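Worksheet for the structure shown next.
The values are calculated or read from the model by the stated rules, or taken from the named source; none is laboratory data. Because the structure is predicted, anything quoted here is derived from the model rather than measured. Every residue, glycine as well, gets a Cβ built from its backbone with ideal geometry; the counts of neighbours run over all protein chains shown. Just the protein is used for accessible areas: all its heavy atoms, side chains included, with ligands, DNA and RNA removed. Shrake-Rupley method; radii C 1.70, N 1.55, O 1.52, S 1.80 Å.
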Amino acid sequence: MAKEHGSLSINSENIFPIIKKWMYSDHDIFYRELISNGCDAITKLKKLDMIGEYEAPDDIEYKVIVKTSANNKTIKIIDNGLGMTSDEVNEYINQIAFSGAEAFLEKYKDKANDDQIIGHFGLGFYSSFMVADQVTIDTLSYKENSKSVHWSCDGGTEYDMTDGTKETPGTEITLYLNEDSYEFANEYKAKEVIEKYCSFMPIPIFFENEDAEQQTEEIPEEEVNDKDTVLETFIKDAVTEEVEKEDGTKETIEKVPAKKMAKIVKRPVALNDTTPLWTKHPNECTEDDYKTFYRKVFNDYKEPLFWIHLNMDYPFNLKGILYFPKINTEYESIEGTIKLYNNQVFVADNIKEVIPEFLLLLKGVIDCPDLPLNVSRSALQNDGFVKKISDYITKKVADKLSGMCKTDKESYEKYWDDINPFIKFGFLKDDKFAEKMNDYILFKNIDGKYLTLTECLEENKEKHENTIFYVTDEVEQSQYINMFRKEGIDAVILSHNIDQPFITHLESKNENLKFARIDTDLSSTFKEDVSEDELKDINDKLSEIFKKALKNDNLNVKVEKLKDASVSSMVTLSEQDRRMQDMMKMYGMSGMDPAMFGSNGLTLVLNANNDLVKYIVDNAEGENTEIICEQLYDLALISHAPLTPEQMTNFIARSNRIMELLAK
């Protein structure tokens, strides 16, 4: 063909400078675009072979090769796909935004199914100009009697196209990097980017460093095949060992015989896995397969708890694996990773339009070829179809969890402590998920038994109807737990930060349901049946004594006759005020005095049946009354919440003083 010089035809408007600088947020993405174009070209050729419009050579080995040279500051992307004629270069390269993939699919849509053709917009090739001052294409079409084409462009809107010298079908793209992008020709950087975007592309990807010396390996001569380049053959000496015989003499024996060996050019190893686990049917995958894939993709050597394999063909194509990692931190700091793929091409992490917010706590991969990507493939168009995908994923997760609870309750209970923050977060964030999971939320009681909400209410129906008592700290609240156990009253453990908003949400969804922390206002079950009038005088007297001893005129004091005489003092806080405290802490307003919340705030409960309390009543002006009051107050606080550093210092000093008094 005669040399041709022309101007690039831009569909709609001159967007070349925009493509060059702003089409992609990450400049390293050109690797993904050019390699996926090479995969497309091979996939198309394989389809043509399959439907009888092309006959591939018997020894064909389809692959994409990436060659870099830091010395020459070049990158080459080579494929042995269907290549292009000069007319096709004009159509697909010189007319920006004409998608070859779209045209191919339209032409062969009735002849080939299960397409894995990635391109949508025809702009991917031009991402190369984000990093290159000049780009050349050498291509030869698979069609009979085709001529090779050489195309060159320096990043402006003009190109040169002439006859080329390529002798085999396929395309070789060469990038002459600009000064700001030399790093992409570095072997380690190139492999890092290819691993990021191309780890699971459907065609094998090989890497060659053109600056490096030829690497070799030694193999037994019988293992050499036709594709190996043999540099030399040699005899590897036998391995011998001198051993002592029974008669004391020594002899040399041959442990490994001499062997014919060949020194060959090191066999290339593909950088990618062309058949990742999510592309297989769940029945083909073993437990070890899932765990190995998890470690490989997420570099997490803690084993996942369990996983969900998504495999859907209708009404849309979606495959993937979602892993439930072991969760042992507060929910605000949990960070999962859901990697989104389109036909095995990495798109982005954690795209919230596709992945429901609460599922972002998980780790996994989702591959959906039907996603309506925008031009840079890094975000999604606003599409109702995307919402359907999101709803489907939510449904599959709920089905897996509820199904496990129904059919394998033992495993479900075993996982519950780890997965309940995630489930409760989903309950708060997604009404459909909450509806499906409502009967499968578990509560672990103080005896380690797992109960549903219905079972919790039934367990203590006679003693506190519609109320569920809960514990947030089994150590701090041990005194209250022991009291509950003595009276045969149950309580559940809710120790995670997410539990507070969760129980508030449950109360709003279930009429008359109330949650109360175990150290809230004391139930009548723990008290002797006496009227307040009978205790009024002693209440007034103790209130005055304690306010004076503690130098706190705002102190709330309440005297009760508790059945357990060994309990001297306790602190209670109304559920409403305690939740207000928690909310203030959440918004950075901690350190406020609970007594400021009003008459229903922090209350010191004194047991009129306890000997120490009786002593104070009888010795209001006694020498040791003040120190006993202070000690009883701190003991009550300790069973409610941690003491401040100052309070703890005083408590320890006072405890030593009391022991000294006892020793006299």
Worksheet item: Just to be sure, is ALA185 at pLDDT 95 or above, under 25 Å from ASN80 (Cβ atoms) and within 27 Å of the chain's Cα centre (by Cα)?
Response: no
Discussion item. What are the pairs with Cβ atoms under 7 angstrom where one residue, in the range 409-431, is closer than 20 Å to THR504 by Cα and open to solvent by 20 Å² or more (accessible area, probe 1.4 Å) and the other, located anywhere, is among the aromatic types (Phe, Trp, Tyr) and at pLDDT 90 or above? Sequence gap at least six, or different chains.
Written reply: LEU428/PHE502
Practice prompt. Could you check how many residues of the range 294-325 are among the aromatic types (Phe, Trp, Tyr), touching a residue at least 12 places away in the same chain (Cβ under 8 Å) and over 14 Å from ILE338 (Cα atoms)?
Written response: 2
Fill in: helices (runs of 4 or more DSSP H) contained in the range 611-663 and holding at least 3 residues open to solvent by 30 Å² or more (accessible area, probe 1.4 Å), without any contact (Cβ under 8 Å) to a residue 12 or more places away in the chain and hydrophobic (A, V, I, L, M, F, W, C)
645-663
Item to complete: Test THR520 against the criterion of being touching a helix residue (DSSP H, G or I) at 6+ places or on another chain (Cβ under 8 Å) and in contact (Cβ under 8 Å) with a residue 24 or more places away in the chain, and give yes or no.
Response: yes
Worksheet item: Which residue pairs have Cβ atoms under 7 Å apart, sit 6 or more places apart or on different chains, and have a first residue in the range 536-560 that is within 19 Å of GLU626 (Cβ to Cβ) and open to solvent by 100 Å² or more (accessible area, probe 1.4 Å) and a second that is hydrophobic (A, V, I, L, M, F, W, C) and not in a strand (DSSP E or B)?
Response: ASN554/ALA595
Fill in: Residue identified as surrounded by 12 or more Cβ atoms within 10 Å (Cβ to Cβ) and either modelled with pLDDT of 90 or more or β-branched (Val, Ile, Thr) (or both) among ALA258, ALA262
ALA262
Worksheet item: Across the range 489-526, which residue is modelled with the lowest pLDDT among those that are of a type in the set (Gly, Ala, Ser) and open to solvent by 40 Å² or more (accessible area, probe 1.4 Å)?
Response: SER524
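Table: residues versus (1) at pLDDT below 90; (2) under 24 Å from LEU562 (Cα atoms).
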position	(1), (2)
ASN438	yes, no
PHE443	no, no
ILE446	no, yes
TYR450	no, no
LYS461	yes, yes
HIS464	yes, yes
ASP473	yes, yes
GLU476	yes, yes
Practice prompt. With respect to GLU287, determine if the residue is acidic (Asp, Glu) and at pLDDT 90 or above.
Written response: yes
Worksheet, complete the sentence: Of the residues in the range 275-289, those that are farther than 18 Å from ASN317 by Cβ and open to solvent by less than 90 Å² (accessible area, probe 1.4 Å) come to CYS285, THR286, ASP289
Practice prompt. For ASN272, indicate whether it is of a type in the set (S, T, N, Q) and touching a Ser or Thr at 6+ places or on another chain (Cβ under 6 Å).
Written response: yes
Fill in: Residue among TYR126, TYR176 that is over 20 Å from PRO57 (Cα atoms) and open to solvent by less than 10 Å² (accessible area, probe 1.4 Å)
TYR126
Fill in: Of residues in the range 76-91 being within 15 Å of LEU140 (Cβ to Cβ) and among the hydrophobic types (A, V, I, L, M, F, W, C), the one least open to solvent (accessible area, probe 1.4 Å)
VAL89
Item to complete: Find the residue count for the range 633-664, including only residues that are under 48 Å from the mean Cα position of the chain (by Cα) and within 17 Å of LEU550 (Cα to Cα).
Response: 15
Worksheet item: GLU303 versus (1) modelled with pLDDT of 90 or more; (2) within 21 Å of PHE422 (Cβ to Cβ); (3) not aliphatic (A, V, I, L, M): which is the lone unmet condition?
Response: (1)
Discussion item. Which residue is modelled with the lowest pLDDT, if the candidates are limited to the range 581-610 and must be part of a helix (DSSP H, G or I) and open to solvent by 70 Å² or more (accessible area, probe 1.4 Å)?
Written reply: MET596
Item to complete: From (1) open to solvent by less than 30 Å² (accessible area, probe 1.4 Å); (2) touching a Pro at 6+ places or on another chain (Cβ under 8 Å), pick out the condition that doesn't hold for ALA238.
Response: (1)
Practice prompt. Scan the range 174-193 and give yes if some residue there is in contact with a helix residue (DSSP H, G or I) (Cβ under 8 Å, 6 or more places away or on another chain) and β-branched (Val, Ile, Thr), otherwise no.
Written response: yes
Practice prompt. Residue by residue through the range 203-256, note down the ones that are among the basic types (Lys, Arg) and in a strand (DSSP E or B).
Written response: LYS236, LYS250, LYS255
Practice prompt. Answer yes or no: is there a residue in the range 181-189 that is within 20 Å of ILE65 (Cα to Cα) and touching a Cys at 6+ places or on another chain (Cβ under 8 Å).
Written response: no
Worksheet item: Given the structure, is LEU359 within 20 Å of HIS309 (Cβ to Cβ), within 16 Å of the chain's Cα centre (by Cα) and modelled with pLDDT under 90?
Response: yes
Worksheet item: Can you tell which of LYS73, LYS3, LYS107 is open to solvent by 30 Å² or more (accessible area, probe 1.4 Å), among the basic types (Lys, Arg), closer than 18 Å to THR157 by Cα and at pLDDT 55 or above?
Response: LYS3
Worksheet entry | Candidate set: the range 134-173, residues that are charged (D, E, K, R) and not in a strand (DSSP E or B); chosen: the one surrounded by the most Cβ atoms within 10 Å (Cβ to Cβ) | LYS166
